[in-house]
1. Can you run down the residue pairs with Cβ atoms below 6 Å, 6 or more apart or on separate chains, where the first is in the stretch 34-51 and farther than 21 Å from Asn67 by Cα and the partner is at pLDDT below 95 and of a type in the set (Asp, Glu)?
2. Please work out if Cys138 is without any contact (Cβ under 8 Å) to a residue 40 or more places away in the chain and open to solvent by less than 50 Å² (accessible area, probe 1.4 Å).
3. Please work out which one of (1) in contact with a helix residue (DSSP H, G or I) (Cβ under 9 Å, 6 or more places away or on another chain); (2) within 24 Å of Gly155 (Cβ to Cβ); (3) open to solvent by less than 50 Å² (accessible area, probe 1.4 Å); (4) modelled with pLDDT of 95 or more is the condition Val84 fails and give its number.
4. Which ones in the stretch 117-127 are open to solvent by less than 60 Å² (accessible area, probe 1.4 Å) and more than 8 Å from the chain's Cα centre (by Cα)?
5. What pairs come out if I take residues in the stretch 217-246 that are among the acidic types (Asp, Glu) and pair them with residues that are part of a strand (DSSP E or B) whose C-beta lies under 6 Å away, six or more apart or interchain?
6. Condition first: in contact with a strand residue (DSSP E or B) (Cβ under 8 Å, 6 or more places away or on another chain) and closer than 17 Å to Ala202 by Cα. Can you find one or more residues in the stretch 70-77 that meet it?
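The values are calculated or read from the model by the stated rules, or taken from the named source; none is laboratory data. Just so it is clear, the model here is predicted, and its values are computed rather than measured. When we count neighbours, we look across all protein chains shown, and the Cβ atoms used for this are built from the backbone with ideal geometry, even at glycine. Accessible surface areas use protein heavy atoms only, side chains included; no ligands, DNA or RNA. Shrake-Rupley method; radii C 1.70, N 1.55, O 1.52, S 1.80 Å.
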Amino acid sequence: MNDQELLRYSRQILLPQISIKGQQVLKDSTLLLIGMGGLGSPSALYLASAGIGHLIIADSDKVELSNLQRQIIHFTDDIGRTKVNSAKDKILAINPNIKVTTIGKLSQNNLNYWVAKVDVVLDGTDNFDIRFKINKSCVMQRTPLVSAAVIRFEGQLSVFQGYNQTKPCYQCLYSIEGNSDDNCTRNGILSPVTGIIGSLQALQAIKVLLNLGEQLVGKLMLIDTLDLSFKKIKINKDESCKICSHGV
């Protein structure tokens, strides 16, 4: 790191759990953020400011007026632009020292390709079908998955390492059968809730990279912002899971 980088990250480097060694790990890391919406917006901004060396951001949508209430990485002038290009501009405005790669659309084939290239995947989507595909790729490529979701006043967060013989994957928690999309488009969302959960998602990704503290592997954190309650529940590995128990 040069002198400007040392100054930029000086407050993090002061933390003994991070120091220059940990900051270098962040600089050398590559993360895939899927979804540049309510969750991806704060996650991307905090990961960029924290000094993650390479952010790969994926989203096929364009910015709409209704996005601006919670997707803080996009501005009014960005309406009509692709979300990844809008997000890239803000990320590099915060930290021009990092690399940003944009992906318009992910299929199962190129999803496997990109997941194999990164250290951690952050899932900020709101569609079960996509989430199951992301989970499958992460198990196949042995890549940690930081998964978050929000709706109304509530959020949840977990880290999945289903490639580990004793750890659950996302599909151990939610089976494909019987799941329908329950998202903020249909049910609404309070703006700051996405900021809280998206920031926690970025925090968990950094903790996974640096092996710090409670990483929520095999645990699901449930947050209710109406009464400001935080609850953690254990997630058991499903021995009959078609993704992580019998291979993919």
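1. none
2. yes
3. Among (1) in contact with a helix residue (DSSP H, G or I) (Cβ under 9 Å, 6 or more places away or on another chain); (2) within 24 Å of Gly155 (Cβ to Cβ); (3) open to solvent by less than 50 Å² (accessible area, probe 1.4 Å); (4) modelled with pLDDT of 95 or more, Val84 violates only (1).
4. Of everything in the stretch 117-127, those that are open to solvent by less than 60 Å² (accessible area, probe 1.4 Å) and more than 8 Å from the chain's Cα centre (by Cα) turn out to be Val118, Val120, Thr125, Asn127.
5. Filtered contacts from the stretch 217-246: Asp224/Glu154.
6. yes
Yes/no matrix, rows are residues, columns are (1) modelled with pLDDT of 95 or more; (2) in a helix (DSSP H, G or I); (3) open to solvent by less than 50 Å² (accessible area, probe 1.4 Å):
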position	(1), (2), (3)
Ile20	yes, yes, no
Leu31	yes, no, yes
Leu45	yes, yes, yes
Ile72	yes, no, no
Asp77	yes, yes, no
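Yes/no matrix, rows are residues, columns are (1) among the aromatic types (Phe, Trp, Tyr); (2) within 21 Å of Met36 (Cβ to Cβ); (3) out of contact with any Asp or Glu (no Cβ under 8 Å at 6 or more places or on another chain):
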| residue | (1), (2), (3) |
| --- | --- |
| Ala87 | no, yes, no |
| Lys90 | no, yes, yes |
| Ala93 | no, yes, yes |
| Ile98 | no, yes, yes |
| Asn110 | no, yes, yes |
| Ala149 | no, yes, no |
| Asn164 | no, no, yes |
